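Each value in this text was obtained by applying a stated rule to the coordinates, not by laboratory testing. None of these values were measured; they are calculated from a predicted model. In this analysis, Cβ positions are derived from the backbone assuming ideal geometry, glycine residues included, and neighbour counts consider all displayed protein chains.
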Amino acid sequence: MTLCLGCLSVLVALALSVYVLQKLCFPYFWRDLLFLQKVVRYGAKLEVFKLTSSVRTVLDRFLQQVQRIPDKPFVIYDGNVHTYRDIDRRSNRLANVFLEKANLRKGDCVALLMNNEPDFLCVWFGLAKVGCSVAFLNTNIKSKSLLHCFNSCGAKTLIVGSDLVEELDGILNSLLPDNIQVWAMRSWTKHTEVHSLLDKLESLELFFRWPLIQSKACYLLFCKCSVPNITLCGYFPTGLPKAAVITHLQSLKAAAGFWAFGATEDDVMYVTLPLYHSAASLIGVGGTIELGATLVLKKKFSASQFWNDCRKHDVTIFQYIGELCRYLCNQTKTELDKFHKVRMGVGNGLHQDVWQEFQSRFGKIKMCEVYGSTEGNLCFMNHIGKIGSVGRSNFFYRLLFKYDLVKYDIVKDEPVKDQYGFCRRVDKGEMGLLLSKVSAISPFFGYAGSKELTEKKLMRNVFVKGDAYFNTGDLMAEDHEGFIFFRDRVGDTFRWKGENVATTEVTEILGLVDFIQEVNVYGVQVPGHEGRGGMASIIVRPGFIFDGKKLFEHVVRDLPGYARPLFIRLQEVMETTSTFKQQKFHLVQSGFNPSKVSDPLYVLDYKQKSYIPLTDTIYQSISAGEHKL
């Protein structure tokens, strides 16, 4: 008996020691294990679908929810409630019009240029029911970029929202000769070439259901096609807009985001991000459908209306980007700041200072950071909720997903190589370029219609001959606990107001101005703002003078708001490398402080509709957050 009691005491002491050791050395072990088990289980289910050639789609899941909860509110928009059945019926009507009037067929690619509204979903689902792939176009793209999107994704049909028809000014005549048919959701008499889609719909009182729409075989047949379901066209890392290929499998994985963080069908989601963005369409809409929840959709984000909307519709989960939360924190404080039912925010780009202020002011809302690019093959999720971290990694995660952080030379703008020409891994806590290995588990599908662009995103022979890694273009760091932190972007891209700004495209647009001989575009840190504001170093063409008003008119006409350079620096000579590449490093470090930069500086001023001289007074005003940019 004494021996048994002694053994029991030893076992208890051993168990207690293991428990204490686990708490001290591996405090997140069980939470990591349970979360990863949940995610892997979902991923395994999708892999089974793929291996058995029975891959479902987001549309399939939507139709399941239509059968299960037909009268449950699906989309609440501008005070109107649309049930799952309503959206299904509307998309059926549109599918019939696409078949009969637009003569669309399975495998066709259709470009969609629409702002946030329920018909965005109806058009999307209607096209999917016909068997078309859909290219979501960034509504900020203009002229040359918009034309480029059609060449990238191979679309021969454009469907445009009623409020965006005027965006086609100047390019419509370029679309029609290429046999690109343009359909608008409303009648616009000033554009006789644009067909009216909505008028045709409402002129027919009865619409029959296409017999194959409800047939499971139809969707399975489409799933087996090589045509992707969604193509996202927008401002991707460099150059003109690229069309990122999104497969059905990727869409379903993204749709599990809310569920993975603990959302349920009883939650009410609030989405103010543009639906052309994968965060809103795949995670927001797709995630709502996966759960059978309700989505409150906003045409555009409004900081002043945000919390009123949340209270009005009993919102429990919202999507964000870093700037969105900063805008909310910048609003005047009220007694109602913590009076709401919001329990979770899902998004990316939330800086540590804003994160802390947001939770302090609006309550202990769980902020769930997700890291991943639209076209990338790697995703990090901060399921722990550690402030400032974009994601979480651990032993289990590394077994499934192979990624590395490699040393990067900021000045040379290239990875550091060893004597054998291979990349060098960074130490824990050290900043490095994030690379993700391309494999069967983590494939990279690239960009539509361009093998060259796809190849540019890959790095080969990274650690051994023959390997291939996806280059995220992001400088990251991983601490000793396995938390991932975003540090910066490399190359020719920076982020401003939640959007990627491609410096090469801005450079090309600015180069069309007659008095500009050479231009170098880069991003600079602006006090009190997330990301980097655009700045352009310019050499004025001999015989010309700098014209601030002309430049203002040019950038406002041809560039979206977030891509317009906020600051201009006039130089006589551009600094270049030995291979004649423009140097950005010293320009970025110099910033836009007139007391430290001897060159003439100008700032974008919307009131005077010009670029005006940047004085010390204006600089101090910008630094204090008093000057609106």
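A compact table of results
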read-out: Value of Rg to Rh for the stretch 265-409 (Rh from inverse mean 1/r over Cα pairs, i.e. Kirkwood); value: 0.99
read-out: Simple spin-label estimate for LEU400 and ASN115 in nanometres, 7 Å along Cα-Cβ; value: 4.0 nm
read-out: Residue-count net charge about ASN382 - beta-carbon cut-off 13 Å; Lys, Arg +1, Asp, Glu -1; value: -1
read-out: Full-extension gain in nm, HIS480 to VAL588, via 0.36 nm per residue minus C-alpha separation; value: 35.8 nm
read-out: For the stretch 366-488: relative contact order, % (alpha-carbon pairs under 8 angstrom, 6 or more apart); value: 26 percent
read-out: Chymotrypsin sites (Phe, Trp or Tyr not before Pro) within the stretch 525-564, DSSP loop, no more than 14 other Cβ atoms inside 10 Å; value: PHE544
read-out: Approximate spin-label separation ARG311-ASP163, in nm, with each point projected 7 Å along Cα-to-Cβ; value: 2.5 nm
read-out: Separation of alpha-carbon centers, the stretch 475-509 and the stretch 100-175, rounded to whole Å; value: 28 Å
read-out: Qualifying lysines (Cα of each under 26 Å from Cα of LYS366; at least 8 residues distant if same chain); value: LYS23, LYS38, LYS253, LYS298, LYS299, LYS300, LYS312, LYS333, LYS338, LYS341, LYS386, LYS497
read-out: Inter-label distance, nm, simple model (7 Å from Cα along the C-beta direction), LYS364/GLU553; value: 5.9 nm
read-out: Added length on full extension, which subtracts the Cα-Cα distance from 0.36 nm per residue, ARG41 to ASP488; value: 157.6 nm
read-out: Contact order relative to length of the stretch 447-543, as percent, for alpha carbon pairs under 8 angstrom and 6 or more apart; value: 16 percent
read-out: Positive-pole candidate from LEU566, PRO600, PRO527, dipole of the stretch 494-624, charges at beta carbon; value: PRO527
read-out: Charge dipole magnitude, Cβ of K and R +1, D and E -1 - the stretch 494-624, Cα centre, debye nearest 20; value: 220 debye
read-out: Prolate/oblate/rounded label for the stretch 494-624 (Cα gyration tensor, a/c 1.5); value: rounded
read-out: Low-density loop cleavage sites - trypsin sites (Lys or Arg not before Pro) in the stretch 439-481, where at most 14 other Cβ are within 10 Å (DSSP); value: LYS465
read-out: Unsatisfied cross-links (Cα-Cα over 20 Å) in the set LYS412/LYS465; LYS50/LYS457; LYS101/LYS129; value: LYS412/LYS465; LYS50/LYS457
read-out: Backbone N within the stretch 608-626 under 16 Å of label point (7 Å from SER595 Cα along the Cβ vector); value: 614-625
read-out: Of every Cα-Cα pair in the stretch 276-338, the percent that sits beyond 14 Å; value: 61 percent
read-out: Cα-only radius of gyration and Dmax that characterise the stretch 71-140, units Å; value: 12.5, 36
